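Participant: Supplied in structure tokens, the structure appears directly below.
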Amino acid sequence: GAGVSQTPSNKVTEKGKYVELRCDPISGHTALYWYRQSLGQGPEFLIYFQGTGAADDSGLPNDRFFAVRPEGSVSTLKIQRTERGDSAVYLCASSLAGKTDTQYFGPGTRLTVL
Amino acid sequence: KQEVTQIPAALSVPEGENLVLNCSFTDSAIYNLQWFRQDPGKGLTSLLLIQSSQREQTSGRLNASLDKSSGRSTLYIAASQPGDSATYLCAVRELETSGSRLTFGEGTQLTVNP
């Protein structure tokens with residue numbers, strides 16, 4: 001079956017612009033996660049959804065970052081007033097339900113802020 | 001705060017060699033530990049997941065062990081092949097987080113030379 005997909009695969013934007021990154025989880029997975037990976041580092045947790053609600057958004061770095069999952073499937077990560085330090089690969093993962101389940105990752109969106 | 005460390009940061013070996021990758025974590029109150037593989041420009045592929053009650057998991061040429069009390073895990077790769085070249089990441093899922101986030105190490109970059 002289809003895995004986790006993310007669009008776009010690459011996004012180049014200018015400082016101060018608004019961007020949206022999309023994640024399509026594996027069908028039937030209720031849990032969805034966003035992580036951010038800087039060059040040479042491991043991924044860092046941003047936010048976790050269980051169904052439609054954000055169960056844990058403690059990893060979001062500041063209020064310029066926001067994510068939604070209105071129907072409990074597709075999720076969008078939104079970044080306002082982008083800064084050069086936001087440049088990274090943004091990874092999405094989904095799992096069937098909760099803590100016992102393997103997280104399956106998408107290929108990521110590489111965001112470059114000029 | 002949980003910290004995950006991976007040693008070595010990079011490793012280069014000739015084909016056919018058996019090798020061990022190390023992962024340590026500072027807080028032993030974990031739910032499980034997961035090893036991932038990441039190819040350049042790609043997302044993460046889950047290799048093995050060890051629940052906190054388990055000591056090891058095996059899949060083909062891969063064997064992962066977990067010593068929760070000492071905060072350590074190892075990934076053993078037998079008879080390495082050039083196709084094993086990738087970055088290997090370990091991640092822990094903590095008991096205390098409601099969102100079941102993963103905390104990652106920085107990875108070990110493995111090169112297997114033919």
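The values are calculated or read from the model by the stated rules, or taken from the named source; none is laboratory data. None of these values were measured; they are calculated from a predicted model. Cβ placement follows ideal geometry from the backbone for every residue including glycine, while neighbour counts extend to all protein chains displayed. SASA here: full protein model, heavy atoms, side chains in, ligands and nucleic acids out. Shrake-Rupley method; radii C 1.70, N 1.55, O 1.52, S 1.80 Å.
Participant: Filter segment A:40-59 for residues that are buried (at least 19 other Cβ atoms within 10 Å of the Cβ), more than 7 Å from chain B (Cβ to nearest Cβ) and within 19 Å of B:Glu3 (Cα to Cα) and give the result.
Facilitator: Passing the criteria: A:Leu46, A:Ile47.
Participant: Any idea which of (1) part of a loop (DSSP other than H, G, I, E, B); (2) surrounded by 13 or more Cβ atoms within 10 Å (Cβ to Cβ); (3) among the small types (Gly, Ala, Ser); (4) more than 10 Å from chain A (Cβ to nearest Cβ) is the one B:Ala64 doesn't satisfy?
Facilitator: Condition (1) is where B:Ala64 drops out.
Participant: Oh, and also: Which of (1) open to solvent by 40 Å² or more (accessible area, probe 1.4 Å); (2) within 27 Å of B:Ala10 (Cβ to Cβ); (3) modelled with pLDDT of 95 or more is the odd one out, the single condition A:Thr109 does not satisfy?
Facilitator: The single condition A:Thr109 does not satisfy is (1).
Participant: Only residues that are more than 12 Å from the chain's Cα centre (by Cα) and open to solvent by 60 Å² or more (accessible area, probe 1.4 Å): list them for segment B:28-53, please.
Facilitator: The answer is B:Tyr31, B:Pro40, B:Gly41, B:Lys42, B:Ser53.
Participant: Something else now. Which pairs have Cβ atoms under 8 Å, sit 6 or more apart or on different chains, and link a residue in segment A:1-16 that is among the hydroxyl-bearing types (Ser, Thr, Tyr) to one that is open to solvent by 70 Å² or more (accessible area, probe 1.4 Å) and assigned to a strand (DSSP E or B)?
Facilitator: From residues that are among the hydroxyl-bearing types (Ser, Thr, Tyr), the pairs are A:Thr7/A:Arg22; A:Ser9/A:Arg110.
Participant: Does B:Leu21 satisfy the criteria of being within 12 Å of another protein chain (Cβ to nearest Cβ) and part of a strand (DSSP E or B)? Steps first, answer last, please.
Facilitator: Numbers: within 12 Å of another protein chain (Cβ to nearest Cβ): no; part of a strand (DSSP E or B): yes.
It is false that B:Leu21 is within 12 Å of another protein chain (Cβ to nearest Cβ) and part of a strand (DSSP E or B).
Participant: To continue, here is another question. Identify all residues within segment A:60-75 that are open to solvent by 30 Å² or more (accessible area, probe 1.4 Å), more than 13 Å from every other protein chain (Cβ to nearest Cβ) and under 21 Å from B:Leu102 (Cβ atoms); write none if there are none. Talk me through it step by step, then tell me what you get.
Facilitator: The first filter runs over segment A:60-75 and keeps only residues open to solvent by 30 Å² or more (accessible area, probe 1.4 Å), leaving A:60-63, A:66, A:68, A:70-71, A:73-74.
Now narrow it down to the ones that are more than 13 Å from every other protein chain (Cβ to nearest Cβ): A:61-63, A:66, A:68, A:70-71, A:73-74.
A:Pro61, the sole residue that qualifies.
Participant: Can you confirm whether A:Gln103 is modelled with pLDDT of 95 or more, within 11 Å of chain B (Cβ to nearest Cβ), over 10 Å from the mean Cα position of the chain (by Cα) and open to solvent by less than 60 Å² (accessible area, probe 1.4 Å)? It would help to see each step written out before you state the result.
Facilitator: Details: modelled with pLDDT of 95 or more: no; within 11 Å of chain B (Cβ to nearest Cβ): yes; over 10 Å from the mean Cα position of the chain (by Cα): yes; open to solvent by less than 60 Å² (accessible area, probe 1.4 Å): yes.
No.
Participant: Additional query: Which count do you get for residues in segment B:24-46 that are within 13 Å of chain A (Cβ to nearest Cβ), assigned to a strand (DSSP E or B) and either within 17 Å of A:Gln41 (Cα to Cα) or at pLDDT 95 or above (or both)?
Facilitator: The total comes to 8.
Participant: Is segment B:83-96 home to any residue that is among the basic types (Lys, Arg) and open to solvent by 40 Å² or more (accessible area, probe 1.4 Å)? Don't jump to the end; show me each part of the working.
Facilitator: Narrowing segment B:83-96 to residues among the basic types (Lys, Arg): B:93.
With the extra rule that they be open to solvent by 40 Å² or more (accessible area, probe 1.4 Å), the set shrinks to none.
No, the conditions are met nowhere in segment B:83-96.
To keep it simple, each residue is scored yes or no on (1) small (Gly, Ala, Ser); (2) touching a residue at least 60 places away in the same chain (Cβ under 8 Å).
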position: A:Leu39; (1), (2): no, no
position: A:Phe65; (1), (2): no, no
position: A:Val68; (1), (2): no, no
position: A:Thr76; (1), (2): no, no
position: A:Ile79; (1), (2): no, yes
position: A:Ala93; (1), (2): yes, yes
